[in-house]
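The values are calculated or read from the model by the stated rules, or taken from the named source; none is laboratory data. The structure presented is a predicted model; accordingly, all values stated were derived computationally and were not measured. Counting neighbours? That spans all protein chains shown, and the Cβs are built from the backbone with ideal geometry, glycine included. These accessible areas exclude ligands, DNA and RNA; they are computed on the full protein's heavy atoms, side chains included. Shrake-Rupley method; radii C 1.70, N 1.55, O 1.52, S 1.80 Å.
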Amino acid sequence: MERAALLRSLSCTSLASNRFYFRSFVPRAKFSSSSVAVARRNHHRLINNLTRRSLLRGDSRLHLSLSSYSLPFNKHFSSLSPNAVASPSTPSSPEVAEVSNEVAEKLGFEKVSEEFIGECKSKAVLFKHKKTGAEVMSVSNDDENKVFGIVFRTPPKDSTGIPHILEHSVLCGSRKYPLKEPFVELLKGSLNTFLNAFTYPDRTCYPVASTNTKDFYNLVDVYFDAVFFPKCVEDFQTFQQEGWHFKLDNPSEDITYKGVVFNEMKGVYSQPDNILGRAAQQASSPFALFPDNAYGVDSGGDPKVIPKLTFEEFKEFHRKYYHPSNARIWFYGDDDPNERLRILSEPIRIIEKYPAGDAGDIKKKNMVCLNWLLSDKPLDLETELALGFLDHLMLGTPASPLRKILLESGLGDAIVGGGIEDELLQPQFSIGLKNVSEDDTQKVEELIMDTLKKLADEGFFQNISYFLSSKPCFAPTTPTNTLGLSLLP
């Protein structure tokens, strides 16, 4: 993907006039006779009449499928527990679909609480993902306007506007959707009834809605990839474009600051009502309401402070706050509540390029590999031994079923992945083919999954004990000059 094609010119600020950053000031208290309204600021990103932008398509050659998110989690965050106020429970409506405990457990979730809300005829179920701690609120009813949202706690420490800049930037292309700005393409091409993102003083929210089920889950997929795997954390120019950068049009003039968020916030603070609210609330005033917490600074960004933000701080903020253990996810509407959990447990697909050389047909040099994380903790000896047996049965000899089926399929000419890898603290299983045609990459994945399912359902051949005894590592150990090396930890 060409860098020049991905990004707008840094001097282009036309987008600023098309994005609006609103603050609504809600009266909270009054100071005696001065009648100064204290405000809570809600930062809303409303996108209207956006300019059209071109799409990019990668010509990738390496296809990976991972069984779970691989994110750098911060363990010091405590579990988040939403507090809800509801009327006394009423009997659940028989028309509301439910998620069974068995399905939730199979997909890695545990049910925390459940409530039927009579006012909106909805069943609300709170789930928690066991490995990551992500909380999922599933609200089921007969409303065809399906809603999804993911919220991260993002308390700022200063007024550089980092939550606001990040909210803009994550929607400027992601790992799975490496477009110039997929958000804009969704506005033009999807069937959404709502598509937006909001920056609040203490959290950032990404909601979507649609009445079309297929379109709805497509929107969910785009937003998930945008927040967890954005391109902006690897691209300094996106940070400059959405945050701030220097601009000099004429050598005889002074250097100025520009940037989408920087320009927006200059407009915000040109309004007297907003200046009044800042004086009452923020720590720059000696009589501020919030002198020592996140509400005393501006999550949207103060134009005087925004240029102090560095790219390293920008990346670190995403790493610290945009991870599942700090996320609240919610679904609402008439879609299948079981499907909501399934899409959260779907494999991650990664497509990367590699230097394939000029010889031969480039379209037949793809590599496909499926990977599973078997455990997030070291295995006990019995399980490790059992997995070793299973690995040898499936791949250890030319007659092993998984190995034989893959090589005889004609979809590729060599095995990649190598099976069980248990030398790491977190063992994995990987299998795939190399030199695969571009049109056959999906067929390889389907063949592997179908074969594994068949082996799980039908088992192996009857003379399994003889087959295992033929493996050298199960034979009696005899002294060799490499035995000591093989016993190293």
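A compact table of results
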| read-out | value |
| --- | --- |
| Charge dipole (debye, nearest 20) of the range 200-338; +1 at Cβ of Lys and Arg, -1 at Cβ of Asp and Glu | 320 debye |
| The range 104-187: proportion of alpha-carbon pairs further apart than 23 angstrom, % | 50 percent |
| Exposure ranking of W372, W244 by accessible area [1.4 Å probe, largest first] | W372, W244 |
| Equivalent ellipsoid dimensions for the range 227-273 as semi-axes, Å, which come from the Cα gyration tensor, largest first | 24, 19, 4 |
| Peptide ranges 340-351, 445-456 listed from the most packed, as the mean C-beta count within 10 angstrom indicates | 340-351, 445-456 |
| Highest to lowest packing among 363-370, 151-158, scored as the average C-beta count within 10 Å | 363-370, 151-158 |
| Accessible area (Å², 1.4 Å probe, nearest 10) - E110 | 80 Å² |
| Electrostatic dipole magnitude of the range 361-449 [Cβ: Lys, Arg +1; Asp, Glu -1; Cα centre; debye, to 20] | 360 debye |
| Probe 1.4 Å, accessible area per residue of the range 370-424, Å² | 58 Å² |
| Overall form of the range 138-291 per C-alpha gyration tensor (a/c, 1.5; a/b vs b/c) | oblate |
| Distance histogram in 10 Å bins (all Cα pairs of the range 332-414, percent per bin) | 12, 25, 30, 24, 9, 1 |
| Length gained when the stretch N145-E423 is fully extended (0.36 nm per residue, less Cα-Cα span) | 95.2 nm |
| Over 28 Å (Cα to Cα) - which of K106/K454; K231/K308; K188/K365; K146/K176; K131/K231; K266/K315 fall in this group | K188/K365 |
| Surface accessible to a 1.4 Å probe, Y354 within the full protein complex, Å² | 70 Å² |
| Size of charge dipole - the range 258-327 - debye, nearest 20, with Cβ of Lys, Arg +1 and Asp, Glu -1, no other charges | 180 debye |
| Part-to-part distance (alpha-carbon centres) for the range 175-251 and the range 252-266, which is given in Å | 22 Å |
